[in-house]
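Coordinate-derived values only; no laboratory data. All values reported here derive from a predicted model rather than from experimental measurement. Using ideal geometry, Cβ is built from the backbone for each residue, glycine included, and neighbour counts are taken over all protein chains shown.
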Amino acid sequence: MIHFLLLFSRQGKLRLQKWFTPLSELEKKKVIRDMTLMVLARPPRTSNFLQWRDLKIVYKRYASLYFCTGLEEKDNELLALEMIHRYVELLDKYFGNVCELDIIFNFEKAYFILDEFLMCGEILETSKFAVGGSVEEADTLQETMEEYMSKPAY
Amino acid sequence: MSPSVPLQEMIRAIRSARTQCEERGVIQRECAAIRAQFRQSDNGGRSHNLAKLLYVHMLGYPAHFGQMECVRMIASPRYSEKRVGYLGAMMLLDEKQDASLLITNSIKNDLSHSNQYVQSLALCTLACMGSAEMCRDLAPEIDRLLQSSNSYIKKKAALCAVHIVRKVQDLGELFVPAARSLLSEKNHGVLHGAVVLITQLCERNPETLKRFRKTVPDLVQIMKGLIISGYSPEHDVSGISDPFLQVRILRLLRILGRNSESASDAMNDLLAQVATNTDSTKTVGNAVLYETVLTVLDIKSESGLRVLAVNILGRFLLNSDRNIRYIAMTSLQKIVGTDHNAVQRHRGTIVDCLKDQDASVKRRALELSLALVSASNIRSMIKELLLFLSSCPPELKAQATSGIFIAAERYAPSKRWHIDTILHVLTTAGGDVRDETVPNLIHLITSASELHCYTVHKLYRALLTDISQQSLVQVACWCIGEYGDLLLKGECQETEPVQVSEDDVLDALETVLQSHMSSSATRGFALTATMKLSTRITDNVDRIRSIVSIYGSCIDVELQQRAVEYNALFKKYDHMRAAVLERMPLIEKNNSGNANGEPLQQSPAAQTLPIITSSSAGGDLLDLLGGLEPTPGPVTPGFDGHCEQQSDSSLAVTLTATNASQSDISGFTLQAAVPKSVQLNMNAPSRDSLPAQGAAQLTQLVMLNNPNKVGVTHDNTQSCHLKMIAYGKNVAIFCELFFGLIHLV
């Protein structure tokens, strides 16, 4: 199971955080600090895997964003790289040529997509189209409900 | 979906703040506005406000006042508000907060909502932050959803069940039937969820594991379907059909096949097929191959398959992708104990990885190299490791030096090679070696009597070049003190002779004494060495006398004490000086105190062990006492110890002393010192003199009690140093007693 998924920029600003284990605010801050320090210090052309406490850390850089996850001992690191890549593809499909600004200004959508793709630290849906489809349907539901709700009731 | 305009405006305002202070100001204003809005009753912009708060929370600012708002929004009938409310709950609430209990009811209602997206929100939130009570409460509901006809809900319910099983293990039983039936689903999402759920159930309960072993044929069938199926655009990743599902199935097969011949047989063919047919040009193919290899190595596979798996790992080692090399080494590390020969074949590649740029790869290569050292390859391996040590990153130095020492000790082909290797390590990385290295090396040198000349020459040269490495300097001083006469003689077969005068030697020692780089212990070594030379050189004894008297007023208490004692040796006890400073006899090694600290596995019942005089870390203290006997060989009474464990925390030691020498020992008294946590009770000895040649024996009973069990380690050993000094003819014996596991040394 993955323990957390963090997205941060090259300056160390956090763009998304998803925790799959219960941690206190203080512990979360510590993890974020450690991850940003460790990952940003890695020179280019090194392997994408690190060891931190008892977790395996897998990170990948896409343009200006670092995607960083923490895995348990028995998890497959190469698959985690594929998982990160799949998430990026999903974001790309949804936003159309996604960039960091999209994630900054529409962070709640990034979370909704993540919640359709991962749950409990495990992959929920392995089909590329199903995830995007569900999120779009949910969006439509939101709009129609909004429209419905904003009509004055006589 | 239309973006939330108020949210985006706020984000823009925050980002345009030029300093941290300005940003804080903007955020404070916004938070105040949000708080005011929360206090108002229902208005249209609630979801926007909560979204703003969540953004502020992500930047690291406190947002706990939003928790109640989350609870309210989750209860709202509007989908947009529910969505953001649940997101807020997942970000701001966790099971430790009290407010999380308040959403239990909302979740329960939403789980049976007519709209599947509302149900999915509830499932997702429960799986994210559900506490044990909530899980217990809602488990039957989840089980019902697992059997619904909607695949979308089924897959989410499966993972929610995984969370429940993690939180409350007993509820696993509830989900077993549903999990079993889910395996016949066609939908990949549901199938994946089912496999994850079954994995969790099997990992936690061995009974369930046995029951699920029957599903191995079904799983094999599903895998085969995935491998040979045609191209499916929605699941395909670079030519592999649904690698995520494949890997999970392989992992489940691993758990089911472990320790079971029949299950392992059933999956043999499949694993061979996957191992040979998977395309390994891309990462995704290698991910599946990696999982296959792990499975093959963990189950009871046939030898052909194992060889295939290790060969795949060997291929990974040669892969240009660093990630693949890294995981290959991690896997090889796991099997180096069991399939040692197979891994040995790849030794060359592993040793090459020591030179890789990447620190993670280097670390793995180091661990693996140390595991692969054996008697046949010791010379070449140590050469490579020493080369590595010179360019090694600092965080790996300690591990590398201790690994080299252990390997050298175990497989050294000759004493000279061993000494050379240790000296090489000390010159390269002397600052990172462990403390026991110095006494170990000293012991090694004394035992290689034919190499004394060579060693002292080598160490003297090393001392002249560099006095910053403390361990090296300490050993060098000790050797020069002991074997200074060999150094001065100047002739040596094994190395080129060099003319060393007495002044040169004393200069070297004085440099060490005066250098600010020398630690207190090192200076102690140097002072003692200088003193020892007073019996080994002829001309410059006065110089030594003056050095020693200067240090009589040194600030360092230890040095001062030594200098004063040596001074006394010059003045009052000059007749004893030659005897005191004689050549050290061969010290026998205290095996139990070695690097790994593994005590000999012996039962705590009555034991007899031979006595060996031990070398403690204060080598020079032993100098002084060891040389006290006026006769060439020490006259030691033989000691035997019988230990009986009286209870969990006390030990009765019966010591029997015999005297095998020619002369009587009279006035026998036993003194014992134990750590503060141990209580000592000594009964009177049966007699107080030992006649010669074993004519009579002496027994004494000592009771050791450790009521607070201080210092008992996990395997119930406690080392308790029992120093016994028997005064007969000024003979000192140091013994150590291990509590629980006996080791009378």
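Here r is the Cβ-Cβ distance between residue B:333 and residue B:577 and R0 is 56 Å; the resulting FRET efficiency, rounded to 0.05, is 0.50.
Seen from every direction in turn and averaged, the convex hull around the alpha carbons of segment B:341-465 projects onto 7.8 nm². For segment A:89-139, what does the relative contact order come out to in percent, with C-alpha contacts under 8 Å and a separation of six or more? Reported relative contact order: 34 percent.
Counting only whole DSSP H helices of chain A, the ones at least 30 Å long by C-alpha along their axis and with mean Kyte-Doolittle hydropathy no lower than -1.0 are A:128-150. As a calculated quantity, the FRET efficiency between residue B:349 and residue B:549 at R0 = 45 Å, using C-beta atoms, amounts to about 0.15.
Peptide A:78-91 is shielded by partner chain Cβ atoms: per residue, an average of 4 of them sit within 10 Å of its Cβ.
Scanning residues 5 or more positions from residue A:119 or on other chains, those with amide H under 5 Å from its amide H are A:124, with H placed 1.01 Å from N in the peptide plane. Legend: translational diffusion of segment B:26-159 by Stokes-Einstein, Rh = Kirkwood radius over C-alpha pairs, 20 °C, 1.002 mPa s; D = 140 µm²/s. Note on residue B:398 and residue B:501: the extension gain reaches 33.3 nm, defined as 0.36 nm multiplied by sequence separation minus the Cα-Cα distance.
Using a simple spin-label model with pseudo-atoms 7 Å out from Cα toward Cβ, residue A:101 and residue B:260 lie 5.6 nm apart.
Counting, for every residue in B:558-568, the Cβ atoms of other protein chains within 10 Å of its Cβ and taking the mean gives 0. Projected over all directions and averaged, the alpha-carbon convex hull of segment B:414-555 occupies 8.2 nm².
Full extension of the chain between residue B:109 and residue B:147 yields a length gain of 11.9 nm, computed as 0.36 nm times the residue separation minus the alpha carbon distance. Of the trypsin sites (Lys or Arg not before Pro) found in segment B:306-374, the ones in coil according to DSSP and having at most 15 other Cβ atoms within 10 Å of their Cβ are B:345, B:355. Tell me, what is the FRET efficiency for residue B:514 and residue B:656 to the nearest 0.05, using R0 = 51 angstrom and their Cβ-Cβ distance as r? Result of the calculation: an efficiency of 0.50. Counts of other chain beta carbons within 10 angstrom of each beta carbon in peptide B:79-90 average 4.
The string of couplings for segment B:376-392 from the Karplus curve (6.51, -1.76, 1.60, θ = phi - 60°) is 7, 10, 4, 5, 5, 4, 5, 4, 5, 5, 5, 4, 4, 4, 6, 10, 7 Hz, one whole number per residue in order, with x for Gly and Pro.
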